[in-house]
Amino acid sequence: MNRPGFVGGLHLWAAMTITAPRQQRFSPEVRQRAPRLVKQHQGDHASRWAAISSIGAKIGCTGETLRGWLWQSQRDSGKRAGTTSDDRDRIKALACEILGNASACSAQAEFDRRCKR
């Protein structure tokens, strides 16, 4: 489609830019320590959610954020099904490589050249 302000067709990949990853608000040490704190202090609270909410408030994050970190630590240790952090990082790297190759092929196709990748 050739409308002003519309990016589409083969030009889509050329118009996309890869942005820098967001700066994370919490350090990796905090992300690893917080789930351990929940496990240690769960008996001090009426429920697991109460422990999560209490510790989340103390470190400055929401209960949902801390619950996500807790679940991810369980995935990484094999106690919960799902994608581990290492697998997620490999998937991201492969996706970036695929998008880079697709972008290169798309750019070469615009010049009627055959993609050599």
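Numbers for the structure displayed
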{"read-out": "Residue count for region 62-81, restricted to those that are closer than 19 Å to Pro28 by Cβ and either among the small types (Gly, Ala, Ser) or in contact with a strand residue (DSSP E or B) (Cβ under 8 Å, 6 or more places away or on another chain) (or both)", "value": "3"}
{"read-out": "Unmet criterion (only one of (1) among the polar types (S, T, N, Q); (2) in contact with a Lys or Arg (Cβ under 6 Å, 6 or more places away or on another chain); (3) loosely packed, with under 11 Cβ neighbours inside 10 Å) for Ser77", "value": "(2)"}
{"read-out": "Any hit, region 26-46, residues being exposed (fewer than 13 other Cβ atoms within 10 Å of the Cβ), assigned to a loop (DSSP other than H, G, I, E, B) and modelled with pLDDT of 95 or more", "value": "yes"}
{"read-out": "Matching residues in region 54-74 - criterion: being under 9 Å from Pro35 (Cα atoms) and of a type in the set (Ser, Thr, Tyr)", "value": "Ser73"}
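The values are calculated or read from the model by the stated rules, or taken from the named source; none is laboratory data. Since this is a predicted model, take the numbers as computed values, not measurements. Methodologically, a virtual Cβ is constructed for each residue, glycine included, from the backbone with ideal geometry; neighbour enumeration extends over all protein chains shown.
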